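**Student:** What follows is a structure written as structure tokens; I'll ask about it next.
No lab work stands behind these numbers, since they all come straight from the coordinates. As the structure is a prediction and not an experimental result, all values here were calculated from the model. Here the Cβ is made from the backbone with ideal geometry for all residues, glycine too, and neighbour counts use every protein chain on show.
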Amino acid sequence: MTLAMPAAKHAGEELRDSALRQLDSAAKALNLDPGMHQFLSTPERTLIVSVPVVMEEGHLEVFTGYRVQHSTGRGPGKGGIRFHPSVSLAEVEGLAMLMTWKCAVTDLPLGGAKGGVAVDPRKLTRRQIERLTKRYTAAILPIIGPEQDIPAPDVNTDDSTMAWIVDTVTMMTGRHSPAVVTGKPVELGGSRGRTEATGRGVAFVTLEAMKRAGRAPENTRVAVQGFGNVGSITAKALAEAGCRIVAISDVSGGYTSASGIDVPKAIAHVQSSKQRLLEGFSGLSKISNDELLAMDVDVLVPAALEGVITPANAGSVRAKLVVEGANGPVTADADRMLADRGVTIVPDVLANAGGVVVSYFEWVQSRAGFYWELDEVEKRLEIYMRRAMELVLSTSKTYDCTLREAAFIVAVDRVARAIERRGIFP
Ligand code: GLU
């Protein structure tokens, strides 16, 4: 008789389960009302849409899209839209919940939402991606809006995607609607500094955590997994601060150099390559993504996708500081294993919150129709990040817990209190 192996859990399910387990532990620490705990465990609203796209050859392909609003307790839903083959309902639900906590930790007057389409955009032409974006936008239009739910870029989406969303909403409503999304091109009402904000925020919390551990940038070796918007800007900012970036990677594989990688050169390579990948970046030793995670470095920044550090490889992580540039890169079990070994993890809801903080600034600017200078954006971003970081650090001391547990305690408490003050309708 052969025993069937249990099916491996999909990374999206793992992410949602991890988020729920983290909520459970915060609920316990806060002695949260069981009804409130249940309310916060479930998304407020889920929309699943079918997205047909006419391909170049004339045939039709149909993709599945999602928009999940986890909580609007503190304000309109906020969160990105990703285009990736692994997008699933579980994944979008988990990511929407993380957005609720991220906006609450940073004290933005916003709730949490997320969207996605299960598609591999590398297999589509730019025109097809535009059509896909516009059809998906039309499908989710009933539940998005500046006072309802405000999307933004995420994995494989960018300012062009946001411009197409603005166009669709404007055409369908007859009203110019820049505040319906953030992460727009600056010429269409985007905020200065939004593109760099996530990576800048990740670098900021990394340097702060290093400072507290008595670690000087000159003596710090960093590996960054993922070289999209978040990973590349983080690597660039950390290199500028004096750290040595010894490894970078993307879906095409990783690259390492003991003496340090020329990050601007790597960024220029990606920007000039057709697939926008590191592939073919010359002069460096090649490694795999798994090898990058196990490198002998001081700081590891997983800035690609969720579920990359699991119980299977957590034991081989050698960095003493892990900063989550991506959402959910460390699973709940791996998180415990690393914490037990004394590894400090700056959790996603704090580490990569710079993006949504500047999204909030952009939403404010778009609604006011008045745009700030870059130094104003940068100054305010630092204020928000520093305040959130200090609160999470002090909460971790008060509760004698990890930074992730502390971030969840701060966030869950803020969301629950807002809902309580409003009272449950009707
Ligand atoms: N997608 C980003 C995140 O996961 C940004 C979301 C936003 O700006 O609304 O935080």
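**Student:** Please find the FRET efficiency linking K211 to E373, where r is the Cβ-Cβ separation and R0 is fixed at 22 Å, and quote it to the nearest 0.05.
**Tutor:** Working: r = 28 Å, r/R0 = 1.27.
Once rounded, the FRET efficiency stands at 0.20.
**Student:** Straight distance only, please: which lysines reach the Cα of K134 with their own Cα at less than 18 Å, same-chain residues fewer than 8 apart left out?
**Tutor:** Correct list for K134: K114, K123, K184.
**Student:** Sorting check: for 61-72, 378-389, which peptide has the highest mean count of neighbouring beta carbons within 10 Å, and how do the rest follow?
**Tutor:** 61-72, 378-389
**Student:** Hey, another quick one. Mind ranking 151-157, 76-82, 284-290 by how tightly packed they are, going by the mean number of other C-beta atoms within 10 angstrom, highest first?
**Tutor:** 76-82, 151-157, 284-290
**Student:** Rounded, prolate or oblate: which fits the range 335-426 when a ≥ b ≥ c are the square roots of the eigenvalues of the alpha-carbon gyration tensor, with rounded for a/c under 1.5 and prolate only if a/b beats b/c?
**Tutor:** Here the range 335-426 falls in the oblate category.
**Student:** Can you show me the helix-derived [θ] at 222 nm for the chain, built from DSSP H runs with n ≥ 4 at -39,500 (n - 2.57) apiece and divided by the number of residues, rounded to the nearest 500.
**Tutor:** Helix-only estimate at 222 nm: -14500 deg cm²/dmol.
**Student:** Turning to a different aspect of this structure: Taking K236 as the anchor, which aspartates and glutamates have their alpha carbon closer than 14 Å to its alpha carbon, excluding any fewer than eight residues away along the same chain?
**Tutor:** E196, D262
**Student:** What number comes out for the charge environment of G254, summing +1 per Lys or Arg and -1 per Asp or Glu over other residues with Cβ under 13 Å away?
**Tutor:** -3
**Student:** Quick one: if the Förster radius is 25 Å, what FRET efficiency do E57 and M171 give, using the C-beta to C-beta distance and rounding to 0.05?
**Tutor:** After rounding to 0.05, the efficiency reads 0.40.
**Student:** Sticking with this structure for a sec: Tally Lys and Arg at +1 and Asp and Glu at -1 over the other residues with C-beta under 13 Å from the C-beta of V54: what net charge comes out?
**Tutor:** 0
**Student:** Please work out the Cα center distance from the range 174-209 to the range 35-111, rounded to the nearest Å.
**Tutor:** Centre-to-centre distance over Cα atoms comes out at 19 Å.
**Student:** Something else about it: Could you give the C-alpha radius of gyration of the range 1-100 expressed as a fraction of 2.2 N^0.38 Å, taking N as the number of residues it contains?
**Tutor:** Against the empirical 2.2 N^0.38 Å value, I get 1.37 for the range 1-100.
**Student:** Given an 8 Å cut-off on Cα distances and at least 6 residues of separation, report the relative contact order of the range 9-109 as a percent.
**Tutor:** Relative contact order here is 34 percent.
**Student:** Something else about it: Over every pair of different alpha-carbon atoms in the chain, take the mean of 1/r and invert it; report that Kirkwood radius in Å.
**Tutor:** With all distinct Cα pairs of the chain included, I get 21.7 Å.
**Student:** Listed highest first by mean packing, meaning other Cβ atoms within 10 Å per residue, what order do 264-274, 121-131, 16-26 come in?
**Tutor:** 16-26, 121-131, 264-274
**Student:** I would also like to ask the following. List every DSSP H helix in the chain whose Cα atoms extend 18 Å or more along the helix's own long axis and whose mean Kyte-Doolittle hydropathy is at least 0.5.
**Tutor:** Span-like helices, by this rule, are 89-105, 159-173.
**Student:** Which whole-number value in Å³ per residue fits the convex hull of the alpha carbons of the range 226-352?
**Tutor:** Spelled out: Cα convex hull of the range 226-352, divided by residues, is 96 Å³.
**Student:** Return a whole-number percent for the relative contact order of the chain, with Cα pairs under 8 Å and 6 or more residues apart as the contact set.
**Tutor:** Working: 873 pairs, mean separation 70.4, N = 426.
Reported as a whole number, the value is 17 percent.
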